[in-house]
Amino acid sequence: MQKFFLRTMFVLTFLVGGMVMEAQAESTTPKKGVIRVKLQPEVALQVGTAPRMRTNGVVTTGIRPLDRAARNVKATGIRPMLPYSAKFAKQRAEYGLDRWYVVTFDESVSSAEARKVFATTAGVELSEVVTPMSLKEGNKGFRKLDRSKVLTAPAATMPFNDPFLPQQWHYQNFGTIPYSVVGADINLFNAWKVSTGSDDVLVAIIDGGVDYTHEDLNQNMYVNTAELNGKEGVDDDGNGYVDDIYGWNFCTNEPKIYPHSHGTHVAGTVAAVNNNGIGVGGVAGGNGTPGSGVKMISCQVFDSRSGTADGDFAAAIIYAAEKGATIAQCSWGWSAPEYKEQAVLDAIDYFTKEVYIQDRSAIS
């Protein structure tokens, strides 16, 4: 009962709160050379089986309306938004996710113009530009803690021995830190009396890459044993992603996760290992005993090496759902409050409905 309570509590606070895009982006300028299209069912079926060819550098499918649009925008590629997976094909089709395609084209053609061309093409249900999301902060520099200069002993009132837990006033504010206000916190210590987290709950960190080797995180990081113990270069678990041992990098479309300051920071807030005498405490980081603490998987959509470049957020959310995540951390968004992309909304619907199905199964 406690495990279900914690899972439900986090779905409400992280999923619903996070999915409304907490942080605001700095720009709504569409990406160059790429749009998404959602095809009508019968056309998606045709495109899925049609061979891709190139004529004078422009991709062709043999489907006349699409090929005409492709020529108009000098399209270089038309591919499914998601890698094929027989394991998830049926449920993706139920949500229409198999009908989303990514069109790449010559950057001399504006994204807005390409969207209009495909929007008026027979067989295309919807066409949209792709606008980068970004963190309000996090892609810039950060201050690394010098432990030799800041040594904090656990206070007697602390439930765990993590040395910097007393400084995490947002968990339980006693008003002892300068300028802090008693009670301005999330009342976490009382929540820990109910549960500190369980390893049957998976949290997707949809953010910058998480440093999964970090000494205060690695115990609570998800490891895909099917891929870890499988053959390199083979999709051992059949989810469409090859060698995704610690998650997936949706910026580079590869399994290698590149640690990111913000992604690692938020992972620490979610589930830094508690009561290990190291660093900080995590909201659902357990109590130091085996099996306590949630598991986290890195779904990298920001890469600090490339500044504001980001990954495919829709694909990342879908990937998280299919890995079994019931919670998603999402500290990102667009700057225009009314702006939205249907592919991302479809992915969110997929995630939330799959979470509901999983939780119903857990209590039935």
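The values are calculated or read from the model by the stated rules, or taken from the named source; none is laboratory data. Since this is a predicted model, take the numbers as computed values, not measurements. Here the Cβ positions follow ideal geometry from the backbone for every residue, glycine too, while neighbour counts run over all protein chains shown. Quick note on the areas: whole protein, heavy atoms, side chains included, nothing else; ligands and nucleic acids left out. Shrake-Rupley method; radii C 1.70, N 1.55, O 1.52, S 1.80 Å.
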- Item | Hits in the range 266-277 - residues which are touching a residue at least 40 places away in the same chain (Cβ under 8 Å) and either crowded, with 19+ Cβ neighbours inside 10 Å or under 18 Å from the mean Cα position of the chain (by Cα) (or both) | VAL266, ALA267, GLY268, VAL270, ALA271, ALA272, VAL273, ASN274, ASN275
- Query: of a type in the set (S, T, N, Q) and in a loop (DSSP other than H, G, I, E, B), is that true of ASN275?
  - Reply: yes
- Considering SER180, SER195, which residue is of a type in the set (S, T, N, Q), in a loop (DSSP other than H, G, I, E, B) and under 17 Å from GLY286 (Cβ atoms)? SER195
- Identify, from the list ASP162, ASP236, ASP199, ASP185, the residue that is acidic (Asp, Glu) and without any contact (Cβ under 8 Å) to a residue 12 or more places away in the chain. ASP236
- Task: Would you mind stating whether VAL73 is more than 24 Å from the chain's Cα centre (by Cα), at pLDDT 95 or above and β-branched (Val, Ile, Thr)?
- Result: yes
- Breaking point among (1) closer than 13 Å to GLY263 by Cα; (2) at pLDDT 95 or above; (3) assigned to a loop (DSSP other than H, G, I, E, B), for ALA328: (3)
- Only one of (1) open to solvent by 30 Å² or more (accessible area, probe 1.4 Å); (2) part of a loop (DSSP other than H, G, I, E, B) does not apply to TYR171, and that is (1)
- For GLY141, state whether it is among the small types (Gly, Ala, Ser) and modelled with pLDDT of 70 or more. no
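Conditions (1) out of contact with any helix residue (DSSP H, G or I) (no Cβ under 7 Å at 6 or more places or on another chain); (2) exposed (fewer than 12 other Cβ atoms within 10 Å of the Cβ), marked per residue:
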{"residue": "PRO159", "(1), (2)": "no, no"}
{"residue": "LEU165", "(1), (2)": "yes, no"}
{"residue": "TYR179", "(1), (2)": "yes, yes"}
{"residue": "ILE206", "(1), (2)": "no, no"}
{"residue": "ASN220", "(1), (2)": "no, no"}
{"residue": "GLU227", "(1), (2)": "yes, no"}
{"residue": "GLU232", "(1), (2)": "yes, yes"}
{"residue": "GLY247", "(1), (2)": "yes, no"}
- Item | Hits in the range 248-263 - residues which are at pLDDT 95 or above, touching a Gly at 6+ places or on another chain (Cβ under 7 Å) and outside any loop (DSSP other than H, G, I, E, B) | ASN249
- With respect to the numbered conditions (1) closer than 26 Å to GLU227 by Cα; (2) at pLDDT 95 or above; (3) open to solvent by less than 20 Å² (accessible area, probe 1.4 Å), which one is the sole condition not fulfilled by LYS323? (3)
- Query: Within the range 105-129, can you find the residues that are open to solvent by 50 Å² or more (accessible area, probe 1.4 Å), more than 9 Å from VAL37 (Cα to Cα), outside any loop (DSSP other than H, G, I, E, B) and of a type outside the set (Gly, Ala, Ser)?
  - Reply: GLU113, LYS116
- Scanning the range 41-87 residue by residue, the ones that are open to solvent by less than 90 Å² (accessible area, probe 1.4 Å), assigned to a helix (DSSP H, G or I) and over 29 Å from VAL242 (Cβ atoms) total 4
- Residue ID - surrounded by the fewest Cβ atoms within 10 Å (Cβ to Cβ), chosen from residues in the range 278-320 that are part of a loop (DSSP other than H, G, I, E, B) and among the β-branched types (Val, Ile, Thr): THR289
